[in-house]
Amino acid sequence: MKSKINVGVIFGGRSVENEISVLTAIQTMEAINTEKYDITPIYISKEGRWYTGEALRTSANYKNMESLYKACTEVYLRPTYGDNNLYKVKKSMFGSDIVTQLDVIIPALHGTNCEDGSFQGTIEMTGIPYASCNVLASANGMDKITMKMILAANGIAVIDYAWFSDKEWFDKQDAVVERVEKQLGYPMIVKPADSGSSVGISSVHNQEELIEAIENAVSYSKRIIVEHLVEKLKEINCSVLGNYYECEASVCEAPIRSGEILSYADKYLGGGAKGGAKSGVKESRGMHSTVREIPANLPEEVTNHIRTTAVETFKALACDGVARIDFMIDEANGNVYVNEINTIPGSLSFYLWEATGVSFTALTERLIEIAFQRKRDSSFKTTSYKENIFNYTISGAKGAKGCKR
(Lines give C-alpha, C1' and ligand atoms only; values in the text may rest on other atoms or scores of the structure.)
Protein backbone atom coordinates (compact mmCIF):
# COMPACT_ATOMS: atom_id res chain seq x y z
CA MET A 1 0.00 0.00 0.00
CA LYS A 2 1.34 3.43 -0.95
CA SER A 3 2.15 5.47 2.17
CA LYS A 4 4.19 8.42 0.93
CA ILE A 5 3.41 11.25 -1.45
CA ASN A 6 5.50 10.88 -4.60
CA VAL A 7 7.12 14.18 -5.61
CA GLY A 8 8.37 14.48 -9.16
CA VAL A 9 11.21 17.01 -9.39
CA ILE A 10 11.52 18.01 -13.05
CA PHE A 11 14.55 19.91 -14.32
CA GLY A 12 16.95 20.50 -17.21
CA GLY A 13 15.15 21.44 -20.41
CA ARG A 14 15.82 22.97 -23.82
CA SER A 15 17.29 26.09 -22.29
CA VAL A 16 20.63 27.86 -21.95
CA GLU A 17 20.01 27.52 -18.20
CA ASN A 18 19.90 23.71 -18.30
CA GLU A 19 22.93 23.22 -16.03
CA ILE A 20 21.72 25.79 -13.51
CA SER A 21 18.43 23.92 -13.39
CA VAL A 22 20.28 20.70 -12.57
CA LEU A 23 21.94 22.37 -9.58
CA THR A 24 18.60 23.76 -8.36
CA ALA A 25 16.98 20.35 -8.64
CA ILE A 26 19.75 18.45 -6.84
CA GLN A 27 19.71 20.91 -3.95
CA THR A 28 15.90 20.74 -3.81
CA MET A 29 15.85 16.94 -3.75
CA GLU A 30 18.42 16.95 -0.94
CA ALA A 31 16.11 19.22 1.08
CA ILE A 32 12.86 17.22 0.71
CA ASN A 33 11.82 15.25 3.79
CA THR A 34 12.20 11.62 2.68
CA GLU A 35 10.36 10.32 5.75
CA LYS A 36 7.22 11.90 4.33
CA TYR A 37 7.86 11.99 0.58
CA ASP A 38 9.24 9.77 -2.15
CA ILE A 39 11.26 11.58 -4.80
CA THR A 40 11.27 10.90 -8.54
CA PRO A 41 13.93 12.89 -10.41
CA ILE A 42 13.02 13.66 -14.02
CA TYR A 43 15.60 15.28 -16.27
CA ILE A 44 14.71 16.88 -19.60
CA SER A 45 17.74 16.84 -21.90
CA LYS A 46 18.85 19.73 -24.09
CA GLU A 47 17.30 17.78 -26.96
CA GLY A 48 13.96 17.56 -25.15
CA ARG A 49 14.03 13.88 -24.10
CA TRP A 50 12.88 12.91 -20.59
CA TYR A 51 14.80 10.56 -18.26
CA THR A 52 14.43 9.25 -14.73
CA GLY A 53 16.81 7.39 -12.42
CA GLU A 54 18.72 7.79 -9.17
CA ALA A 55 21.90 8.66 -11.10
CA LEU A 56 20.29 12.03 -11.86
CA ARG A 57 20.67 13.07 -8.23
CA THR A 58 24.49 13.31 -8.36
CA SER A 59 25.99 16.37 -10.06
CA ALA A 60 29.25 14.61 -10.99
CA ASN A 61 27.30 12.25 -13.27
CA TYR A 62 26.49 15.15 -15.62
CA LYS A 63 30.10 15.34 -16.76
CA ASN A 64 29.44 12.39 -19.09
CA MET A 65 25.91 12.66 -20.46
CA GLU A 66 25.99 9.46 -22.54
CA SER A 67 26.91 7.39 -19.49
CA LEU A 68 24.22 9.17 -17.48
CA TYR A 69 21.52 8.41 -20.07
CA LYS A 70 22.51 4.73 -20.08
CA ALA A 71 22.05 4.60 -16.30
CA CYS A 72 18.55 6.07 -16.60
CA THR A 73 15.18 5.19 -18.12
CA GLU A 74 13.70 7.32 -20.87
CA VAL A 75 10.14 8.30 -19.93
CA TYR A 76 7.18 10.48 -20.87
CA LEU A 77 3.88 11.81 -19.53
CA ARG A 78 0.66 11.35 -21.49
CA PRO A 79 -1.27 14.61 -22.03
CA THR A 80 -4.43 12.97 -20.69
CA TYR A 81 -6.23 14.64 -17.81
CA GLY A 82 -6.20 12.45 -14.72
CA ASP A 83 -3.31 10.26 -15.88
CA ASN A 84 -0.54 10.79 -13.31
CA ASN A 85 1.59 7.93 -14.56
CA LEU A 86 5.15 8.25 -15.78
CA TYR A 87 5.66 5.82 -18.68
CA LYS A 88 8.68 4.09 -20.17
CA VAL A 89 9.44 5.03 -23.76
CA LYS A 90 10.73 1.51 -24.41
CA LYS A 91 8.30 -0.99 -22.94
CA SER A 92 9.68 -4.41 -22.04
CA MET A 93 8.06 -7.49 -23.50
CA PHE A 94 6.68 -8.48 -20.11
CA GLY A 95 5.42 -6.31 -17.29
CA SER A 96 4.01 -2.81 -17.08
CA ASP A 97 5.23 0.24 -18.96
CA ILE A 98 4.47 2.44 -15.91
CA VAL A 99 7.54 3.59 -14.01
CA THR A 100 5.69 5.35 -11.20
CA GLN A 101 2.72 7.56 -10.41
CA LEU A 102 3.36 11.24 -9.62
CA ASP A 103 1.26 12.88 -6.91
CA VAL A 104 2.75 16.37 -7.24
CA ILE A 105 5.48 18.08 -9.23
CA ILE A 106 8.09 20.62 -8.17
CA PRO A 107 9.42 22.26 -11.33
CA ALA A 108 13.09 23.19 -10.98
CA LEU A 109 13.31 24.49 -14.55
CA HIS A 110 14.83 27.78 -15.65
CA GLY A 111 14.67 29.79 -18.85
CA THR A 112 12.95 29.54 -22.20
CA ASN A 113 10.87 26.47 -23.07
CA CYS A 114 10.73 25.73 -19.35
CA GLU A 115 9.93 28.68 -17.10
CA ASP A 116 7.91 30.58 -19.70
CA GLY A 117 4.63 28.63 -19.47
CA SER A 118 5.56 25.92 -21.98
CA PHE A 119 6.13 23.27 -19.32
CA GLN A 120 3.26 24.51 -17.18
CA GLY A 121 0.86 24.05 -20.11
CA THR A 122 2.02 20.47 -20.52
CA ILE A 123 1.37 19.69 -16.87
CA GLU A 124 -2.00 21.46 -16.92
CA MET A 125 -3.07 18.95 -19.58
CA THR A 126 -2.42 16.07 -17.14
CA GLY A 127 -4.01 17.68 -14.09
CA ILE A 128 -1.06 16.80 -11.85
CA PRO A 129 -0.66 19.45 -9.10
CA TYR A 130 2.54 21.45 -9.55
CA ALA A 131 4.34 23.94 -7.34
CA SER A 132 4.95 27.00 -9.48
CA CYS A 133 3.21 29.79 -11.34
CA ASN A 134 0.53 28.84 -13.88
CA VAL A 135 0.83 29.32 -17.64
CA LEU A 136 -0.19 32.99 -17.71
CA ALA A 137 1.94 34.13 -14.77
CA SER A 138 4.92 32.15 -16.04
CA ALA A 139 4.71 33.63 -19.53
CA ASN A 140 4.26 37.19 -18.30
CA GLY A 141 7.01 36.83 -15.73
CA MET A 142 9.47 35.39 -18.23
CA ASP A 143 9.07 38.12 -20.84
CA LYS A 144 10.71 41.26 -19.48
CA ILE A 145 8.77 43.53 -21.85
CA THR A 146 5.31 42.20 -20.97
CA MET A 147 6.23 42.09 -17.29
CA LYS A 148 7.22 45.76 -17.25
CA MET A 149 4.02 46.74 -19.07
CA ILE A 150 1.89 44.97 -16.46
CA LEU A 151 3.82 46.36 -13.50
CA ALA A 152 3.76 49.93 -14.85
CA ALA A 153 -0.01 49.64 -15.36
CA ASN A 154 -0.28 48.71 -11.67
CA GLY A 155 1.75 51.70 -10.50
CA ILE A 156 4.92 49.70 -9.77
CA ALA A 157 8.09 51.55 -10.75
CA VAL A 158 10.23 50.11 -13.56
CA ILE A 159 13.29 51.63 -15.23
CA ASP A 160 12.93 53.45 -18.57
CA TYR A 161 13.17 51.04 -21.49
CA ALA A 162 12.69 50.52 -25.21
CA TRP A 163 12.03 47.31 -27.09
CA PHE A 164 11.96 45.88 -30.60
CA SER A 165 11.88 42.54 -32.44
CA ASP A 166 14.74 40.72 -34.12
CA LYS A 167 13.01 41.19 -37.50
CA GLU A 168 12.80 44.94 -36.92
CA TRP A 169 16.51 44.94 -36.11
CA PHE A 170 17.40 43.00 -39.26
CA ASP A 171 15.26 45.26 -41.48
CA LYS A 172 15.66 48.70 -39.88
CA GLN A 173 18.88 48.70 -37.91
CA ASP A 174 19.65 52.41 -38.32
CA ALA A 175 16.12 53.41 -37.29
CA VAL A 176 16.25 51.17 -34.21
CA VAL A 177 19.60 52.58 -33.10
CA GLU A 178 18.37 56.15 -33.59
CA ARG A 179 15.15 55.52 -31.65
CA VAL A 180 16.90 53.80 -28.75
CA GLU A 181 19.61 56.46 -28.47
CA LYS A 182 17.01 59.24 -28.53
CA GLN A 183 14.73 57.55 -26.02
CA LEU A 184 17.32 56.41 -23.48
CA GLY A 185 20.79 57.80 -24.08
CA TYR A 186 24.01 56.18 -22.93
CA PRO A 187 24.86 54.18 -20.92
CA MET A 188 22.35 51.40 -21.57
CA ILE A 189 21.90 47.71 -20.91
CA VAL A 190 20.78 45.30 -23.65
CA LYS A 191 18.91 42.09 -22.82
CA PRO A 192 17.09 39.26 -24.58
CA ALA A 193 13.47 39.72 -23.44
CA ASP A 194 12.95 36.14 -22.31
CA SER A 195 16.31 34.86 -21.12
CA GLY A 196 17.62 34.53 -17.58
CA SER A 197 20.76 33.92 -15.51
CA SER A 198 22.30 37.05 -17.11
CA VAL A 199 22.71 35.19 -20.42
CA GLY A 200 23.03 37.49 -23.45
CA ILE A 201 23.09 40.67 -21.35
CA SER A 202 25.55 43.50 -22.05
CA SER A 203 26.15 47.03 -20.80
CA VAL A 204 26.91 49.57 -23.55
CA HIS A 205 28.38 53.09 -23.63
CA ASN A 206 28.47 53.98 -27.31
CA GLN A 207 26.90 53.09 -30.63
CA GLU A 208 29.50 50.49 -31.56
CA GLU A 209 28.92 48.61 -28.30
CA LEU A 210 25.14 48.95 -28.71
CA ILE A 211 25.16 47.31 -32.14
CA GLU A 212 27.46 44.51 -30.94
CA ALA A 213 25.28 43.87 -27.86
CA ILE A 214 22.08 43.73 -29.90
CA GLU A 215 23.68 41.31 -32.37
CA ASN A 216 24.51 39.09 -29.41
CA ALA A 217 21.04 39.41 -27.84
CA VAL A 218 19.11 38.52 -31.03
CA SER A 219 20.89 35.16 -31.06
CA TYR A 220 18.96 34.29 -27.88
CA SER A 221 15.52 35.85 -28.38
CA LYS A 222 13.14 37.30 -30.98
CA ARG A 223 12.39 40.30 -28.75
CA ILE A 224 15.04 42.61 -27.32
CA ILE A 225 14.75 45.09 -24.48
CA VAL A 226 17.14 48.00 -23.91
CA GLU A 227 17.09 49.81 -20.58
CA HIS A 228 18.66 52.88 -19.07
CA LEU A 229 21.74 51.73 -17.15
CA VAL A 230 21.79 52.93 -13.56
CA GLU A 231 25.40 53.88 -12.93
CA LYS A 232 25.25 54.18 -9.14
CA LEU A 233 23.46 50.87 -8.82
CA LYS A 234 22.69 48.74 -5.79
CA GLU A 235 20.95 45.48 -6.62
CA ILE A 236 18.56 43.97 -4.09
CA ASN A 237 16.69 40.66 -4.27
CA CYS A 238 13.63 39.61 -2.31
CA SER A 239 11.67 36.36 -2.50
CA VAL A 240 7.91 35.90 -2.14
CA LEU A 241 6.19 32.67 -1.10
CA GLY A 242 2.48 31.87 -1.32
CA ASN A 243 -0.24 32.33 -3.90
CA TYR A 244 -1.86 35.15 -5.83
CA TYR A 245 -4.04 36.23 -2.89
CA GLU A 246 -1.99 35.34 0.21
CA CYS A 247 1.78 35.57 0.27
CA GLU A 248 4.75 36.82 2.28
CA ALA A 249 8.13 38.35 1.54
CA SER A 250 11.53 37.14 2.69
CA VAL A 251 14.42 39.22 3.96
CA CYS A 252 16.34 41.15 1.31
CA GLU A 253 19.79 40.38 -0.04
CA ALA A 254 22.39 42.40 -1.92
CA PRO A 255 24.31 40.21 -4.41
CA ILE A 256 27.86 41.38 -5.00
CA ARG A 257 28.80 41.94 -8.63
CA SER A 258 32.21 42.21 -10.24
CA GLY A 259 31.22 44.77 -12.91
CA GLU A 260 28.41 47.07 -14.00
CA ILE A 261 25.94 44.18 -14.14
CA LEU A 262 25.52 40.98 -12.17
CA SER A 263 27.01 38.40 -14.54
CA TYR A 264 26.55 34.66 -14.98
CA ALA A 265 29.95 34.19 -13.31
CA ASP A 266 28.92 36.36 -10.35
CA LYS A 267 25.78 34.28 -9.83
CA TYR A 268 27.09 30.76 -10.32
CA LEU A 269 30.90 30.81 -10.23
CA GLY A 270 31.46 33.08 -7.25
CA GLY A 271 32.91 35.88 -9.36
CA GLY A 272 31.94 38.78 -7.12
CA ALA A 273 34.20 41.69 -6.40
CA LYS A 274 35.07 40.52 -2.89
CA GLY A 275 35.45 36.95 -1.72
CA GLY A 276 34.57 35.62 -5.14
CA ALA A 277 35.78 32.61 -7.04
CA LYS A 278 39.47 31.98 -7.07
CA SER A 279 41.40 30.45 -9.92
CA GLY A 280 41.16 26.69 -9.91
CA VAL A 281 37.51 26.47 -8.81
CA LYS A 282 36.37 23.00 -9.91
CA GLU A 283 32.60 23.29 -10.04
CA SER A 284 29.67 25.57 -9.40
CA ARG A 285 27.40 25.09 -6.42
CA GLY A 286 24.59 27.05 -8.05
CA MET A 287 23.24 29.94 -6.00
CA HIS A 288 25.55 28.83 -3.15
CA SER A 289 28.32 30.35 -5.28
CA THR A 290 26.90 33.88 -5.33
CA VAL A 291 28.68 36.32 -3.05
CA ARG A 292 25.96 38.17 -1.16
CA GLU A 293 25.16 40.48 1.71
CA ILE A 294 22.22 39.01 3.58
CA PRO A 295 20.24 40.59 5.08
CA ALA A 296 20.98 43.59 2.90
CA ASN A 297 22.31 46.63 4.74
CA LEU A 298 19.47 49.05 4.01
CA PRO A 299 17.50 51.65 5.96
CA GLU A 300 14.40 50.09 7.50
CA GLU A 301 12.02 52.17 5.39
CA VAL A 302 13.74 51.07 2.17
CA THR A 303 13.65 47.41 3.23
CA ASN A 304 9.94 47.70 4.04
CA HIS A 305 9.24 49.40 0.70
CA ILE A 306 11.05 46.66 -1.24
CA ARG A 307 9.31 43.84 0.63
CA THR A 308 5.90 45.47 0.11
CA THR A 309 6.60 46.05 -3.58
CA ALA A 310 7.77 42.46 -3.96
CA VAL A 311 4.40 41.23 -2.71
CA GLU A 312 2.56 43.71 -4.96
CA THR A 313 4.58 42.44 -7.96
CA PHE A 314 3.82 38.82 -7.09
CA LYS A 315 0.10 39.57 -6.90
CA ALA A 316 -0.01 41.80 -9.98
CA LEU A 317 1.40 38.93 -12.04
CA ALA A 318 -0.94 36.39 -10.32
CA CYS A 319 1.93 34.20 -9.16
CA ASP A 320 1.92 31.00 -7.11
CA GLY A 321 4.68 29.08 -5.34
CA VAL A 322 7.97 30.85 -4.75
CA ALA A 323 9.48 33.64 -6.83
CA ARG A 324 12.37 36.04 -6.54
CA ILE A 325 11.91 39.69 -7.43
CA ASP A 326 15.08 41.59 -8.33
CA PHE A 327 15.24 45.32 -7.59
CA MET A 328 17.52 48.19 -8.53
CA ILE A 329 18.27 51.13 -6.28
CA ASP A 330 19.65 54.24 -7.97
CA GLU A 331 21.93 55.49 -5.21
CA ALA A 332 22.21 58.85 -6.97
CA ASN A 333 18.59 59.69 -6.11
CA GLY A 334 17.28 56.81 -3.96
CA ASN A 335 14.73 55.62 -6.53
CA VAL A 336 13.76 51.94 -6.33
CA TYR A 337 12.73 49.95 -9.42
CA VAL A 338 11.60 46.39 -10.05
CA ASN A 339 14.10 44.88 -12.46
CA GLU A 340 12.59 41.45 -13.07
CA ILE A 341 10.84 38.47 -11.51
CA ASN A 342 12.12 34.90 -11.51
CA THR A 343 9.06 32.66 -11.28
CA ILE A 344 11.26 29.60 -10.63
CA PRO A 345 14.30 31.12 -8.92
CA GLY A 346 17.71 29.50 -8.77
CA SER A 347 17.81 26.97 -5.91
CA LEU A 348 14.25 28.20 -5.28
CA SER A 349 15.74 31.08 -3.25
CA PHE A 350 16.26 28.80 -0.24
CA TYR A 351 19.05 31.07 1.08
CA LEU A 352 16.61 33.99 1.40
CA TRP A 353 14.10 31.85 3.26
CA GLU A 354 16.69 30.32 5.56
CA ALA A 355 17.68 33.86 6.54
CA THR A 356 13.97 34.57 7.16
CA GLY A 357 13.64 31.55 9.44
CA VAL A 358 12.21 29.01 6.97
CA SER A 359 14.44 26.00 6.33
CA PHE A 360 14.88 24.58 2.82
CA THR A 361 12.97 21.48 3.93
CA ALA A 362 10.10 23.62 5.24
CA LEU A 363 10.17 25.60 1.96
CA THR A 364 9.66 22.43 -0.10
CA GLU A 365 6.84 21.43 2.24
CA ARG A 366 5.12 24.79 1.69
CA LEU A 367 5.50 24.47 -2.08
CA ILE A 368 3.85 21.06 -2.05
CA GLU A 369 0.99 22.39 0.09
CA ILE A 370 0.50 25.35 -2.29
CA ALA A 371 0.36 22.97 -5.26
CA PHE A 372 -2.36 20.85 -3.64
CA GLN A 373 -4.29 23.94 -2.54
CA ARG A 374 -4.37 25.32 -6.08
CA LYS A 375 -5.56 21.94 -7.35
CA ARG A 376 -8.40 21.97 -4.80
CA ASP A 377 -9.34 25.55 -5.66
CA SER A 378 -9.42 24.83 -9.40
CA SER A 379 -11.73 21.87 -8.85
CA PHE A 380 -14.52 24.31 -7.91
CA LYS A 381 -14.31 26.20 -11.22
CA THR A 382 -16.56 25.41 -14.17
CA THR A 383 -14.62 23.98 -17.13
CA SER A 384 -17.52 22.87 -19.34
CA TYR A 385 -21.28 23.22 -19.77
CA LYS A 386 -23.67 20.29 -19.50
CA GLU A 387 -25.56 21.61 -22.51
CA ASN A 388 -24.50 19.97 -25.78
CA ILE A 389 -25.04 22.30 -28.74
CA PHE A 390 -25.07 19.32 -31.08
CA ASN A 391 -28.40 18.27 -29.58
CA TYR A 392 -29.90 21.32 -31.30
CA THR A 393 -31.14 21.28 -34.90
CA ILE A 394 -28.67 23.05 -37.16
CA SER A 395 -30.04 24.50 -40.38
CA GLY A 396 -28.08 25.97 -43.25
CA ALA A 397 -25.26 24.47 -45.24
CA LYS A 398 -22.55 26.22 -43.20
CA GLY A 399 -24.03 25.12 -39.88
CA ALA A 400 -23.34 28.39 -38.03
CA LYS A 401 -26.35 30.30 -39.34
CA GLY A 402 -29.97 29.72 -38.42
CA CYS A 403 -29.60 27.55 -35.33
CA LYS A 404 -32.99 26.30 -34.12
CA ARG A 405 -34.19 24.08 -31.33
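Can you report the number of residues in the range 213-234 which are within 18 Å of Met147 (Cα to Cα) and not in a loop (DSSP other than H, G, I, E, B)?
6
Answer yes or no as to whether Ala152 is among the small types (Gly, Ala, Ser), surrounded by fewer than 22 Cβ atoms within 10 Å (Cβ to Cβ) and in contact with a strand residue (DSSP E or B) (Cβ under 7 Å, 6 or more places away or on another chain). Reasoning before the result, please.
Values: among the small types (Gly, Ala, Ser): yes; surrounded by fewer than 22 Cβ atoms within 10 Å (Cβ to Cβ): yes; in contact with a strand residue (DSSP E or B) (Cβ under 7 Å, 6 or more places away or on another chain): yes.
It is true that Ala152 is among the small types (Gly, Ala, Ser), surrounded by fewer than 22 Cβ atoms within 10 Å (Cβ to Cβ) and in contact with a strand residue (DSSP E or B) (Cβ under 7 Å, 6 or more places away or on another chain).
Specify which of the listed residues (Ser219, Ser202) is at negative phi, outside the structural domain of Lys148 (by TED's automatic domain parsing), modelled with pLDDT under 95 and surrounded by fewer than 17 Cβ atoms within 10 Å (Cβ to Cβ). Full working, then the answer.
Working: Ser202 fails: surrounded by fewer than 17 Cβ atoms within 10 Å (Cβ to Cβ).
Step by step, each of Ser219, Ser202 is checked, and only Ser219 is at negative phi, outside the structural domain of Lys148 (by TED's automatic domain parsing), modelled with pLDDT under 95 and surrounded by fewer than 17 Cβ atoms within 10 Å (Cβ to Cβ).
From the list Ile26, Ile42, Ile20, which residue is touching a Lys or Arg at 6+ places or on another chain (Cβ under 7 Å), assigned by TED's automatic domain parsing to the domain that holds Asn113, closer than 30 Å to Ala193 by Cα and crowded, with 18+ Cβ neighbours inside 10 Å?
Details: Ile42 fails: touching a Lys or Arg at 6+ places or on another chain (Cβ under 7 Å); Ile20 fails: touching a Lys or Arg at 6+ places or on another chain (Cβ under 7 Å).
Going through Ile26, Ile42, Ile20 in turn, the sole match is Ile26.
Of the residues Ile261, Ile306, Ile236, Ile214, which single one is modelled with pLDDT of 95 or more and not assigned by TED's automatic domain parsing to the domain that holds Asn342?
Working: Ile261 fails: modelled with pLDDT of 95 or more; Ile306 fails: not assigned by TED's automatic domain parsing to the domain that holds Asn342; Ile236 fails: not assigned by TED's automatic domain parsing to the domain that holds Asn342.
The conditions single out Ile214.
Kindly check whether there is at least one residue in the range 348-371 that is touching a Phe, Trp or Tyr at 6+ places or on another chain (Cβ under 9 Å), among the hydroxyl-bearing types (Ser, Thr, Tyr) and either assigned by TED's automatic domain parsing to the domain that holds Asp194 or closer than 19 Å to Lys144 by Cβ (or both).
No - not one qualifying residue is present in the range 348-371.
Pairs needed: first member in the range 295-315, without any contact (Cβ under 8 Å) to a residue 24 or more places away in the chain and more than 15 Å from Glu246 (Cβ to Cβ); second member anywhere, polar (S, T, N, Q) and buried (at least 18 other Cβ atoms within 10 Å of the Cβ); C-beta distance under 9 Å; at least 6 residues apart or different chains.
none
Scan Lys90, Lys4 and give me the residue that is of a type in the set (D, E, K, R), closer than 20 Å to Ile128 by Cα and touching a strand residue (DSSP E or B) at 6+ places or on another chain (Cβ under 9 Å).
On the way: Lys90 fails: closer than 20 Å to Ile128 by Cα.
Lys4 is the lone residue from the list that is of a type in the set (D, E, K, R), closer than 20 Å to Ile128 by Cα and touching a strand residue (DSSP E or B) at 6+ places or on another chain (Cβ under 9 Å).
How about the range 294-345: which of its residues are acidic (Asp, Glu), farther than 27 Å from Val226 by Cβ and buried (at least 16 other Cβ atoms within 10 Å of the Cβ)? It would help to see each step written out before you state the result.
Within the range 294-345, the first condition is being acidic (Asp, Glu), and the residues that meet it are 300-301, 312, 320, 326, 330-331, 340.
Subsequent filtering for residues that are farther than 27 Å from Val226 by Cβ retains 300-301, 320.
Within the range 294-345, Asp320 is the sole residue that qualifies.
Within the range 92-102, can one find any residue that is in a loop (DSSP other than H, G, I, E, B), under 30 Å from Arg376 (Cα atoms) and of a type outside the set (D, E, K, R)?
Kept after step one, since they are in a loop (DSSP other than H, G, I, E, B), are these residues of the range 92-102: 92-97, 102.
Now narrow it down to the ones that are under 30 Å from Arg376 (Cα atoms): 97, 102.
Keeping just the survivors that are of a type outside the set (D, E, K, R) gives 102.
Scanning the range 92-102 turns up at least one residue that is in a loop (DSSP other than H, G, I, E, B), under 30 Å from Arg376 (Cα atoms) and of a type outside the set (D, E, K, R).
Have a look at Ala25, Ala71 and point out the one that is in contact with a helix residue (DSSP H, G or I) (Cβ under 6 Å, 6 or more places away or on another chain) and touching a residue at least 12 places away in the same chain (Cβ under 8 Å). Lay out the reasoning, then the answer.
Details: Ala25 fails: in contact with a helix residue (DSSP H, G or I) (Cβ under 6 Å, 6 or more places away or on another chain).
Result: Ala71 is the single residue among Ala25, Ala71 that is in contact with a helix residue (DSSP H, G or I) (Cβ under 6 Å, 6 or more places away or on another chain) and touching a residue at least 12 places away in the same chain (Cβ under 8 Å).
Determine, yes or no, whether Glu248 is outside the structural domain of Asn206 (by TED's automatic domain parsing), touching a Leu at 6+ places or on another chain (Cβ under 8 Å) and modelled with pLDDT of 95 or more.
Here the answer is yes, as Glu248 does meet what is asked.
Do we have any residue at all in the range 122-133 that's at pLDDT 95 or above, of a type in the set (S, T, N, Q) and more than 30 Å from Thr383 (Cα to Cα)?
no
Which one is farthest from the chain's Cα centre (by Cα), of the residues in the range 1-13 that are in a loop (DSSP other than H, G, I, E, B) and more than 20 Å from Ser59 (Cβ to Cβ)?
Taking the range 1-13 as the starting set, the residues that turn out to be in a loop (DSSP other than H, G, I, E, B) are 1-4, 13.
Now drop any that are not more than 20 Å from Ser59 (Cβ to Cβ), which leaves 1-4.
Numbers: Met1: 36, Lys2: 32, Ser3: 31, Lys4: 28 Å.
If we take residues in the range 1-13 being in a loop (DSSP other than H, G, I, E, B) and more than 20 Å from Ser59 (Cβ to Cβ), then Met1 is farthest from the chain's Cα centre (by Cα).
Being buried (at least 21 other Cβ atoms within 10 Å of the Cβ), outside any loop (DSSP other than H, G, I, E, B) and either modelled with pLDDT of 95 or more or aromatic (Phe, Trp, Tyr) (or both) is the requirement here; does Val177 meet it? It would help to see each step written out before you state the result.
Values: buried (at least 21 other Cβ atoms within 10 Å of the Cβ): no; outside any loop (DSSP other than H, G, I, E, B): yes; either modelled with pLDDT of 95 or more or aromatic (Phe, Trp, Tyr) (or both): yes.
Spelling it out, it is not the case that Val177 is buried (at least 21 other Cβ atoms within 10 Å of the Cβ), outside any loop (DSSP other than H, G, I, E, B) and either modelled with pLDDT of 95 or more or aromatic (Phe, Trp, Tyr) (or both).
Being without any contact (Cβ under 8 Å) to a residue 60 or more places away in the chain and among the polar types (S, T, N, Q) is the filter here, so list the residues in the range 74-119 that pass it.
Taking the range 74-119 as the starting set, the residues that turn out to be without any contact (Cβ under 8 Å) to a residue 60 or more places away in the chain are 74-85, 87-99, 117-118.
Thr80, Asn84, Asn85, Ser92, Ser96, Ser118 - these are the residues of the range 74-119 that are without any contact (Cβ under 8 Å) to a residue 60 or more places away in the chain and among the polar types (S, T, N, Q).
Tell me the strands (runs of 3 or more DSSP E) entirely within the range 24-82 that contain at least 1 residues that are over 14 Å from Val9 (Cβ atoms) and among the aromatic types (Phe, Trp, Tyr).
Numbers: elements: 37-44, 50-52, 73-77.
The qualifying strands (runs of 3 or more DSSP E) are 73-77.
The values are calculated or read from the model by the stated rules, or taken from the named source; none is laboratory data. In this text, all values refer to a predicted model and were calculated from it rather than measured experimentally. Positions of Cβ are backbone-derived with ideal geometry, glycine not excepted, and every protein chain shown enters the neighbour counts.
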